[in-house]
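We did not get these values from a lab; they are worked out from the coordinates using the rules stated. As the structure is a prediction and not an experimental result, all values here were calculated from the model. Positions of Cβ are generated from backbone atoms using ideal geometry, with glycine treated the same way; all protein chains shown enter the neighbour counts.
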């Protein structure tokens, strides 16, 4: 699978967010950072670093889906950024109940629309999680938007 072709295909969709999940410590961060080096218009955020650097965010116990939505949709991205790679969200997802994770999945599947909600494509790099990984999210042409490829199977980088 060509990861850049996958990103390019998102411009045709009105629901653009997707998940790349893979076990911990297997290179997701290096992969995401390499994408940013190779592709203009891609913006990387480390959600844990962003959370720790902000004094205005709710405590982790109260950092729910609504807080995450607000944070992501109001990110100060460069104007040229059309894709946002969100890494290290596991610190948050690991504290969420299955219901809250399912609400996140529903947000990705139905509500995070472009251009009505955002003009960005959001790609979440997460550790494999039973609830988040089981999401049956598909693109307009019925291809999955929950990817579990070994990172070296992406032939674009």
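Remarks
- Simple spin-label estimate for residue 74 and residue 25 in nanometres, 7 Å along Cα-Cβ: 3.7
- Computed from label points 7 Å out along Cα-Cβ, the spacing between residue 67 and residue 95 is 0.6 nm.
- By the Cα gyration tensor, segment 1-115 has an equivalent ellipsoid whose semi-axes, rounded to whole angstrom, run 23, 17, 16 from largest to smallest.
- Given their separation in residues at 0.36 nm each and the Cα-Cα distance between them, residue 117 and residue 102 gain 3.4 nm when the chain is fully extended.
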